[in-house]
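This report refers to the structure that appears directly beneath it.
Coordinate-derived values only; no laboratory data. Everything quoted here is computed from the prediction, not taken from an experiment. A quick note on method: Cβ atoms are made from the backbone with ideal geometry, for glycine too, and the neighbour counts reach across all protein chains shown.
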Amino acid sequence: MQEKKDRVPSEAVAQATKEALKRRGVKVEDIAEIVYQMQLPYNEGLLMEHCIDSVERVLRKREVQHSVLVGIELDELAEKKMLSEPLQSIVESDEGLFGVDETLALGAVMTYGSIALTTFGFLDKQKSGIIKKLDTKIDSSVHTFLDDLVGSIAASAASRIAHRMRDLEEAGETFADVPAIEPESTKSTTDL
């Protein structure tokens with residue numbers, strides 16, 4: 001029988017995910033801005049803080065964390081030209097018929113159901129906010145996986161808000177009745 005290896009602590013995986021996004025120039029607020037723009041027309045009283053909180057909650061899911069870590073690692077290896085051919089050229093150029101990046105992002109988005117799935121498809125085509133910036137190749141950086149993963153996170157966070165809105169409506173409330181939460185991303189590390 002194989003010896004059981006030590007598990008990686010959840011907090012270590014969560015921290016690595018946040019650090020990887022930061023290293024690649026993606027802030028929680030960038031993703032939350034996409035969520036806010038998408039959900040504001042449908043959610044009276046929605047604040048940016050609600051969207052930041054939703055993004056942070058999505059980033060707590062192991063499925064999402066694993067997808068982000070794998071995708072960013074592959075992007076970084078492609079930047080360093082450390083993938084074997086023809087995969088190096090395919091990832092580096094974000095070849096149109098290469099759908100593995102979307103597949104990885106879809107695995108994470110499926111955690112949040114059909115609303116998240118259709119929203120991801122919309123964001124994949126629309127490319128708004130930070131997604132557009134990541135998808136636009138301006139130097140040697142590679143974001144083949146990251147742009148789709150950010151879309152997945154935004155779609156999932158938007159789905160969370162849509163479902164939350166339904167719960168609020170049934171209680172006769174709106175987001176205006178929900179107090180703003182201080183986002184984790186604005187707290188110091190000693191507050192966490």
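Spin-label pair GLU169-PHE122: with each label point 7 Å from Cα along the Cα-Cβ axis, the two points sit 1.4 nm from one another. Using the Cβ-Cβ distance between GLU95 and ALA12 with R0 set to 35 Å, the FRET efficiency works out to roughly 0.55. Report the label-to-label distance for GLU29 and ILE181 in nanometres (one decimal), using points 7 Å from each Cα along the Cα→Cβ vector. Output for this residue pair reads 1.9 nm.
Computed over the chain, the per-residue total of -39500 (n - 2.57) for DSSP H runs of n ≥ 4 gives a 222 nm mean residue ellipticity of -19500 deg cm²/dmol, rounded to 500. Which shape class, rounded, prolate or oblate, goes with the range 1-83 when its Cα gyration tensor gives a ≥ b ≥ c as root eigenvalues, a/c under 1.5 marks rounded, and past that a/b bigger than b/c marks prolate? Note, shape of the range 1-83 comes out oblate. Between the C-alpha center of the range 109-134 and that of the range 37-100 there is a gap of 10 Å.
Computed on the range 34-172, with alpha-carbon pairs under 8 angstrom and 6+ residues apart, the relative contact order is 36 percent. Here is the P(r) of the range 57-126: all C-alpha pair distances, binned every 10 Å from 0, give 19, 45, 30, 6 in whole percents. Convex hull of alpha carbon positions in the range 34-172: directionally averaged projected area 8.6 nm². Per-peptide packing, taken as the mean over residues of other Cβ atoms within 10 Å, places 115-128, 22-35 in the sequence 22-35, 115-128 from highest down.
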